[in-house]
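Since the structure comes first, as structure tokens, the remarks are kept for the end.
The values are calculated or read from the model by the stated rules, or taken from the named source; none is laboratory data. Note that the structure is predicted; figures quoted are calculated from it, not measured. FYI the Cβ positions are ideal-geometry reconstructions off the backbone, even for glycines, and counts take in every protein chain you see.
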Amino acid sequence: MSDALLTLEGVHTHIGAYHILHGVDLTVPANQLTMLLGRNGAGKTTTLRTVMGLWHASQGRITLAGQDITARATPDIAQSGVAYVPESMGIFSDLSVKENMLLAARGARTIDDVDTKRLEWIFDMFPAMKKFWLHPAGKLSGGQKQMLAVSRAIVEPRQLLLIDEPSKGLAPAIIQNMIAAFRELKAAQTTILLVEQNFNFARQLGDTVAVMDDGRVVHSGAMAELAEDSALQARLLGLSLGAHQ
Amino acid sequence: MLSRLLSHDLPRSRWLAILLVLLVLGLAFAPFLFPGVKALNVAAKVLIFIALVVSFDLLLGYTGIVSFAHTMFFGIGAYGIAISANAMGPTWWALLVGAIGALLLSLLLSLLIGLFSLRVRAIFFAMITLAVASAFLTLASQLSDITGGEDGLTFRLPELLSPGFALMEDDFEGPFGPVTLNGRFITYYLLFASVVAMFLVMLRIVNSPFGRVLQAIRENDFRAEALGYRVVVYRTLSNVIAASFATLAGCLLALWLRYNGPDTSLSFEIMLDILLIVVIGGMGTLYGAIIGSVVFLVAQSYLQDLLRWLGGLFEGLPLLPALLTPDRWLLWLGLLFVLSVYHFPTGVVGKLRERALAKATKEST
Amino acid sequence: MNTSVITTPATGSVARWQALKDFDWKPVALVPLLAALALPAVGSGSTWLTLTVAGLAMGLIVFIIASGLTLVFGLMDVLNFGHGVFIALGAFVAVSVFGGLNAYAIADSFWLNLAALVPAMLAAMVVAGAVGLVFERFIVRPVYGQHLKQILITMGGMIIGEELIKVIWGPGQLALPLPETLRGSFIIGDASIEKYRLLAMGVGLAVFAAMVWTLNRTKVGLLIRAGVQDREMVESLGYRIQRLFIGVFVAGSALAGLGGVMWGLYQQTVLPQMGAQVNVLIFIVIIIGGLGSTLGALVGALLVGLMANYTGFLMPKVALFSNIALMVAILLWRPQGVYPVANR
């Protein structure tokens, strides 16, 4: 079991009067892909946003690579090497693909400063990025936007990627592309925490899995175990693997 | 019974209640308690501002809308009386026509502004009302044939209300000095009765189901719409009611001053005064208008004297005299306003009610 | 390393052509349309030319002032009802500078005149920007996200500012005469075109060009454009948008100061209340343009400038109303302004 890159201990989050996270305990091992599963409204997105500092934890502790980031501001957390791909993708539709990428490359003043090898690697995974390089991002299709969102997250090396439901609304062929891309990322020593509802997508990628319900983590362990235990799947996720193809 | 009269919207704080009773009694007996022209003028101004600010509080405090067009409706009311009294002579009939004409114009304008602008965002609405109010001010100055332009209109009132009319031959010997029982005296009580009536009606409105929907819209218009309330309709209605009350307040102003010009009712300074009073008194409370108006208007006269005195103290020094002259009253007003919005968001009434609530909670545990 | 190997020229020009076709020309077309409609109303071609130049000049001055305000709103959702105070401040600072450099201003040499004008403009921008910094820190920052309080407090800030101007420069109006060589007009046929108005147009266009360049060719500009669309995402990408905002606010205030100088010279007098007066026009402009859009502010400003001058000539009494009518007409067509900013 590798060391934990990210840990959450007893994290509570309130949004206004609503108490969403009721003491989340989560460990994300380094250089692995951890899946965060659960029903709608279980608190998965809230967890990611709390880690990212977009919402502040009212209680508990969050550590990244040994440092306490619970009360840090979002830009600081991002600068510690965390990239966030929200559910809504967060791409800037009036900006071109190139400009979106440039923005994500904090160290680069102009596009020429960006590591060409890295860009080529991204273009290999997502050819559409190269094709629509100068087009406004708003003109891309849903799947392409998703690819752009992920490309932005990896245009510079990051320690941790927080990704929220990347496969939502995407055609199966594109999902396969995504899976291949994430596998490459894993191989490139990036730690990923991925929120998903699509269990089939999840089990192809995840090394570790955590299942949330009602603002708490109710199960965590190796993906392989969960994938074999249909009874556990049915109990936690309300489905069995066979039915969700 | 008192509770019914106040539409069950009680002060909810002993200190507040005492303060209000004192102020209302003070205003009720002002001619006797503070004899003399200046004091009566201040009292009348307080009454008019109470009516004006109460109507603004409906918009700002209860519906959550900032409208800079409020002085426009105030001015319409004042000009209504002024123009008709000027044109048709000092008769009751002229006053009636003027008031009704003004109300109709306000109704129309507020309806138009409401229906058009309340569909757009709150910020748009604020800016649009600012633009419209400015335009109206310019218009009033330019249509000198009707409005008397920059100089305004002076007119006479029916005999009962004019200073010459004597209710009693000799002055009434009050405990604080002689009180002249003339037309001004009668006008004052006309104002008092009108303002009391307006206040009670407004209390009724904000405590009715309509008023509750307004507050729901203020808190979360999205949800209100989702619950089935047509937000535009409610906001427009609120706008219309507020405008009508402001117009009536304007009519009262004209009755008292027997004069109206662009600066008396349409100026931006009045808008600021309203904002300051509603913030200091307490938004969304209505009682705040009473407290705020008294505090503000009394302070206005005395603060200018204070500034004059302070300025005299620092005579020789470079910058201070310029800062401390009564002409720069607005500077200190502005500072007070900004500080109130930050640190005093619930106003005097809010603070007193919080104290009362805290005390009650402590006592019940 | 060069990335030209990644994009082929064909992709580039295809994208550019596409962008051109996609560009929404209609609002921009309104400007020449209005000018064209005015021609028959005005009657004489030379008068029309004079009015049009005056309108464009005034419009560009208004644009200088409005551009900062609209960006501030687009970026941080803050509406500064006190923007007018920077206008007045800039104008009064110019009066003082001209007073000090009077010899240059009244000299009969263009370059010497510039030696008075340029320092006045720079001083106005610096002072307005500095006051903007203070304004942002103490008036605006405490009320982020609360629109109601923003409206009230920035209005209060403007009152304080206006009164402080009266304390420093006195409550009355002051003269801001044009430097010697900038007076008078060029005569083209029957039309007289004031020299100053051409200068104002030049300055306005220069500001517009500088803004467009900054927004489109620098990373800061990129950040601003992205921030206007999605503030949260920009922060998630690791940028402290708070600092960016302070920068934009200060720049916007400085531009308002510059606009104040230009406006003061346009009217040749300055009043402490001029901020409040121009405020209304600015609001009309950014409502027409769409809150957050620079091009929209330009279109709105040009339309307002032209409208004010045409109606000032044709029907003087309804000048301000004509701009309100224009605003209403535009809002009926596009309720969010002509170039609404996406993603909000």
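Data table
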read-out	value
Scan of the range B:117-154 for residues that are free of Cβ contacts under 8 Å to residues at least 12 places away in the same chain and either under 25 Å from C:Q150 (Cα atoms) or β-branched (V, I, T) (or both), ordered by number	B:V120, B:R121, B:I123, B:F124, B:M127, B:A131, B:S134, B:A135, B:T138
Positions within the range B:193-245 being in a loop (DSSP other than H, G, I, E, B) and among the hydrophobic types (A, V, I, L, M, F, W, C), in sequence order	B:L227
Tally of residues being more than 12 Å from every other protein chain (Cβ to nearest Cβ), over 14 Å from A:K98 (Cβ atoms) and not basic (K, R) across the range A:145-157	5
Any hit, the range B:284-303, residues being in contact with a strand residue (DSSP E or B) (Cβ under 6 Å, 6 or more places away or on another chain), crowded, with 24+ Cβ neighbours inside 10 Å, hydrophobic (A, V, I, L, M, F, W, C) and at pLDDT 85 or above	no
All positions within the range A:8-53 that are in a loop (DSSP other than H, G, I, E, B) and touching a residue at least 24 places away in the same chain (Cβ under 8 Å)	A:A30, A:N31, A:Q32, A:R39, A:N40, A:A42, A:G43, A:M52, A:G53
Residues that are touching a residue at least 12 places away in the same chain (Cβ under 8 Å), under 30 Å from A:W55 (Cβ atoms) and in contact with a Pro (Cβ under 9 Å, 6 or more places away or on another chain), drawn from the range C:229-274	C:Y239, C:I241
Residues of the range C:234-250 satisfying the condition of being more than 27 Å from the chain's Cα centre (by Cα) and assigned to a helix (DSSP H, G or I)	C:E235, C:S236
Matching option when the condition is outside any helix (DSSP H, G or I), in contact with a Lys or Arg (Cβ under 8 Å, 6 or more places away or on another chain) and in the same structural domain as A:A30 (by TED's automatic domain parsing), among A:Q189, A:Q197	A:Q197
Leading residue by the ranking (farthest from the chain's Cα centre (by Cα)) among those in the range C:219-233 that are of a type in the set (K, R) and facing another protein chain (nearest Cβ under 7 Å)	C:K219
From the options C:A66, C:A120, residue that is within 21 Å of the chain's Cα centre (by Cα), closer than 24 Å to C:P171 by Cα and of a type in the set (G, A, S)	C:A120
Extreme residue, farthest from the other protein chains (Cβ to nearest Cβ), among residues of the range C:298-327 that are part of a helix (DSSP H, G or I) and surrounded by fewer than 16 Cβ atoms within 10 Å (Cβ to Cβ)	C:L314
Residue, nearest to A:P166 (Cα to Cα), within the range A:68-84, restricted to residues that are among the hydrophobic types (A, V, I, L, M, F, W, C) and within 9 Å of chain C (Cβ to nearest Cβ)	A:A83
B:G350 being surrounded by fewer than 22 Cβ atoms within 10 Å (Cβ to Cβ), in a loop (DSSP other than H, G, I, E, B) and in contact with a Gly (Cβ under 6 Å, 6 or more places away or on another chain)	no
Residue in the range C:90-104 that is assigned to a helix (DSSP H, G or I), under 25 Å from C:A210 (Cβ atoms) and without any contact (Cβ under 8 Å) to a residue 60 or more places away in the chain present	yes
Answer residue from the range A:54-69, given it is farther than 16 Å from A:V85 by Cβ and assigned to a loop (DSSP other than H, G, I, E, B) and is farthest from the chain's Cα centre (by Cα) among those	A:G66
Subset of the range A:30-75 (residues that are more than 21 Å from C:I241 (Cα to Cα), surrounded by 17 or more Cβ atoms within 10 Å (Cβ to Cβ), at pLDDT 90 or above and of a type outside the set (A, V, I, L, M, F, W, C))	A:T34, A:K44, A:T45, A:T46, A:T47, A:G60
Verdict on C:T214 being among the hydroxyl-bearing types (S, T, Y) and either away from chain A (no Cβ under 14 Å) or under 24 Å from C:A301 (Cα atoms) (or both)	yes
Considering residues of the range A:107-128 that are at the interface with chain C (Cβ under 10 Å from one of its Cβ atoms) and in a helix (DSSP H, G or I) only, the residue surrounded by the most Cβ atoms within 10 Å (Cβ to Cβ)	A:L119
Test for B:S134: is it polar (S, T, N, Q), part of a helix (DSSP H, G or I) and within 21 Å of B:V240 (Cβ to Cβ)	no
Residues located in the range B:130-164, provided they are β-branched (V, I, T) and surrounded by fewer than 21 Cβ atoms within 10 Å (Cβ to Cβ)	B:T138, B:I146, B:T154
Selection within the range A:129-144 - assigned to a helix (DSSP H, G or I), within 13 Å of chain C (Cβ to nearest Cβ) and buried (at least 20 other Cβ atoms within 10 Å of the Cβ)	A:M129, A:A137
Neighbours by Cβ (under 7 Å, 6+ apart or cross-chain): first from the range A:162-188, among the aromatic types (F, W, Y); second assigned to a strand (DSSP E or B)	A:F182/A:L33; A:F182/A:I192
Index of the failed condition, A:K98 passing every other in (1) at pLDDT 90 or above; (2) out of contact with any strand residue (DSSP E or B) (no Cβ under 7 Å at 6 or more places or on another chain); (3) part of a loop (DSSP other than H, G, I, E, B)	(3)
Positions within the range A:154-171 being in a loop (DSSP other than H, G, I, E, B) and either β-branched (V, I, T) or closer than 13 Å to A:Q79 by Cα (or both), in sequence order	A:V155, A:E156, A:P157, A:R158, A:Q159
B:L109 under 30 Å from C:N80 (Cβ atoms), under 21 Å from the mean Cα position of the chain (by Cα), within 12 Å of chain C (Cβ to nearest Cβ) and in contact (Cβ under 8 Å) with a residue 40 or more places away in the chain	no
Residue ID - surrounded by the fewest Cβ atoms within 10 Å (Cβ to Cβ), chosen from residues in the range C:144-163 that are more than 7 Å from chain B (Cβ to nearest Cβ) and either assigned to a helix (DSSP H, G or I) or at positive phi (or both)	C:G145
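Yes or no, residue by residue, for (1) surrounded by fewer than 18 Cβ atoms within 10 Å (Cβ to Cβ); (2) part of a helix (DSSP H, G or I); (3) at pLDDT below 90:
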position	(1), (2), (3)
C:P171	yes, no, yes
C:L178	no, no, yes
C:I187	yes, no, yes
C:S192	yes, no, yes
C:A200	no, yes, no
C:A206	yes, yes, no
C:M211	no, yes, no
